[in-house]
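The values are calculated or read from the model by the stated rules, or taken from the named source; none is laboratory data. Remember, predicted model here, so these are calculated numbers, not experimental data. Methodologically, a virtual Cβ is constructed for each residue, glycine included, from the backbone with ideal geometry; neighbour enumeration extends over all protein chains shown. Side chains are part of the model used for accessible areas, which takes the heavy atoms of the whole protein and leaves out ligands, DNA and RNA. Shrake-Rupley method; radii C 1.70, N 1.55, O 1.52, S 1.80 Å.
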Amino acid sequence: MTDRPWKLGIDLGGTKILAAVIGPDNAILSRAKKKTKVELGAEAVLERIAQTAEEALQLASGSAEAIACAGIGAPGPLDPETGVVLEAPNLQWKEVALTAWLSERLGIPSYLSNDVNAGTWGEYVLGAGQGSRSCIGVFVGTGIGGGLVINGQLYDGASHIAGEIGHMCLDPNGPVCGCGRRGCLEAFASRTAMTRDLLNESKKRDREIPEVIEKGQLIRSKEFRKKLSAGDPSYVRVFEGATECLGRGLASVTNLLNPDCIILGGGVVEALGSAYVDRVREVLAAHAFPTAVGALRLVPAALGDDAGVLGAALLAQMQHERRPRREPASVS
Ligand SMILES: [Zn+2]
């Protein structure tokens with residue numbers, strides 16, 4: 001409908017909530033951001049989501065009447081059909097009917113997607129994946145998330161959980177992963193794993209333990225970049241180990257799916273830049289079938305934080321346009 005020309009995109013994470021108002025040409029008209037504050041409980045977080053959305057609307061000098069639909073990307077497992085977040089450990093949520101609440105509260109029909117799928121779809125349509133047919137998004141941060149676009153369609157599998165690249169097993173005797181299993185890619189190449197390896201390297205080489213790690217926090221990606229560029233041998237070893245594992249993991253993915261594009265995004269990739277992407281590409285090329293490697297473009301993400309809000313809004317628009325017309329809309 002032309003009288004509702006805008007879309008709303010929301011990205012719900014464990015630490016921050018992002019919202020953006022998106023114009024008919026998919027340009028971002030305004031952005032708003034709030035801390036999630038998980039510790040306040042689900043009801044308070046829901047209210048903060050609505051407030052972030054309203055702030056974005058105000059900044060765009062618009063109201064709910066201008067918005068055709070809202071899309072929210074959230075950590076899963078979740079059900080995009082019912083709009084329920086089934087379980088999200090980093091939000092401490094179980095069975096939260098997110099879109100029913102949001103549709104009612106904002107007066108805007110709202111749709112749910114997995115946050116990594118939303119980021120991948122945003123990059124596929126508007127970012128680094130433009131022009132590709134089968135595209136895989138891999139986001140490296142405290143964990144490693146993956147999203148799959150196969151032949152131009154988002155692929156989320158039989159129960160909406162496809163794309164869990166981070167939990168591909170590289171070594172059954174490897175380090176314990178956050179999921180409880182051993183040797184997952186995430187347990188070798190996430191920022192959490194890099195922090196653990198850095199601590200071990202520092203102890204082994206009898207070097208000073210980085211201050212943040214001493215405080216029990218994860219190494220910051222920017223600090224890692226500084227030490228790596230300065231040639232600190234502990235950081236170089238950890239970098240080589242992490243990129244080796246990611247490259248080998250993505251070689252398996254390349255052999256399995258033969259994509260024409262893999263996008264690397266997330267905080268670690270943004271901070272370490274082309275050195276990281278080039279090294280992953282080199283390892284991948286050494287371990288995947290040459291025919292598959294020849295067809296593949298491995299590129300850094302282009303949209304940063306905007307990928308999640310854009311992707312969530314675009315996926316919502318598709319769901320909104322597909323909805324059964326005869327049934328009453330969830331919001332009158
Ligand atoms: Zn795992």
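Tabulated results
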quantity: Relative contact order [Cα under 8 Å, 6+ residues apart], segment 129-300, whole percent; calculated: 24
quantity: Given K16/K203; K33/K222; K35/K204, the pairs whose alpha carbons are separated by over 28 Å; calculated: K16/K203; K35/K204
quantity: Overall form of segment 71-179 per C-alpha gyration tensor (a/c, 1.5; a/b vs b/c); calculated: oblate
quantity: Efficiency of FRET from Cβ geometry, N26 and A295, R₀ 35 Å, rounded to 0.05; calculated: 0.80
quantity: Top of V236, V269, V299 by mean-square fluctuation, Gaussian network on the chain, Cα under 10 Å; calculated: V236
quantity: Positive-pole candidate from A27, G145, T291, dipole of the chain, charges at beta carbon; calculated: T291
quantity: Cα long-axis angle, helix 42-59 against the chain (0 to 90 degrees, to the nearest 10); calculated: 70
quantity: Accessible area in square angstrom per residue, the chain, 1.4 angstrom probe; calculated: 48
quantity: Unit charges at the beta carbon, dipole of the chain: most positive-side option, G178, Y124, Q92; calculated: G178
quantity: Net lengthening on full extension, T15/Q217 (0.36 nm per residue, minus Cα-Cα); calculated: 71.3 nm
quantity: Accessible surface of the chain [probe 1.4 Å, protein heavy atoms]: carbon and sulfur percent; calculated: 50
quantity: Nearest-0.05 FRET efficiency for R323 and C169, computed from C-beta distance (R0 35 Å); calculated: 0.35
quantity: Net charge dipole size for segment 129-300 [Lys, Arg +1 and Asp, Glu -1 on Cβ; Debye, nearest 20]; calculated: 180
quantity: Percentage relative contact order, the chain, counting C-alpha pairs under 8 Å, at least six apart; calculated: 20
quantity: Spin-label zone in segment 54-72 - amide nitrogen under 16 Å from a point set 7 Å from the Cα of E104 along the C-beta vector; calculated: none
quantity: Residues with amide H under 5 Å from that of E87, placed H, sequence gap 5 or more; calculated: E95
quantity: Burial order of peptide ranges 47-56, 25-34 (average beta-carbon count within 10 Å, highest first); calculated: 47-56, 25-34
quantity: Simple Cβ-charge dipole of the chain, Lys/Arg +1 and Asp/Glu -1, about Cα centre, in debye nearest 20; calculated: 520
quantity: For S132, solvent-accessible area (1.4 Å; no DNA, RNA or ligand), Å²; calculated: 10
quantity: Gain in span if fully extended, S274 to L257, counting 0.36 nm per residue against the direct Cα distance; calculated: 3.7 nm
quantity: Descending semi-axes in Å of segment 1-160, equivalent ellipsoid built from Cα gyration tensor; calculated: 23, 21, 14
quantity: Sum of side-chain charges, V283 neighbourhood, beta-carbon under 11 Å (Lys, Arg +1; Asp, Glu -1); calculated: -1
quantity: Within the chain, percent of DSSP bridges classed antiparallel, to nearest 5; calculated: 60
quantity: P(r) histogram, all alpha-carbon pairs of segment 129-300 included - 5 Å bins from 0, percent; calculated: 2, 9, 17, 21, 19, 15, 9, 5, 3, 1, 0
quantity: Relative contact order of segment 119-174, pairs being alpha-carbon contacts under 8 Å that are 6 or more residues apart, as %; calculated: 27
